[in-house]
Amino acid sequence: MVALLTAGLAGCGSVSERTEAAFTSPGKYNLYTCEDIERQALSIRARQTELEQVMNRASQGAGGDFVNAIAYRGEYAQGRSELAELAKAKSDKQCAVDSKFSSGRAVF
């Protein structure tokens, strides 16, 4: 029984990576300005870092991989999907590239 449960959960990581795009609707950020896109991306990156730290701590304990698969992987995959969609929106809007020489304004 335990082997079956372990084998079933082992596939969860690969499934979440393949279906990552299913967490975000295409064009979700089309109405955002470049500043809004950057603000949202910063917020999601901060949450991703927080989730990575929690997942690392959880994986050190007994049953940590199970906890990660149940509690954190879905939100982590959603964040990755959101960041990909934000990057696409940033590219579509031709937002300024992060640089000390850029003004942060969009080029239309």
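The values are calculated or read from the model by the stated rules, or taken from the named source; none is laboratory data. Since the model is a prediction, treat every value here as computed from it, not as a measurement. Using ideal geometry, Cβ is built from the backbone for each residue, glycine included, and neighbour counts are taken over all protein chains shown. What goes into the accessible areas is simple: the full protein's heavy atoms, side chains included, and nothing from ligands, DNA or RNA. Shrake-Rupley method; radii C 1.70, N 1.55, O 1.52, S 1.80 Å.
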Across the stretch 32-64, the tally of residues that are part of a loop (DSSP other than H, G, I, E, B) and either more than 18 Å from residue 81 (Cβ to Cβ) or open to solvent by less than 40 Å² (accessible area, probe 1.4 Å) (or both) stands at 5
For the structure I just gave you, tell me whether residue 77 is in contact with a Ser or Thr (Cβ under 9 Å, 6 or more places away or on another chain), open to solvent by less than 50 Å² (accessible area, probe 1.4 Å) and either modelled with pLDDT under 80 or of a type in the set (S, T, N, Q) (or both). no
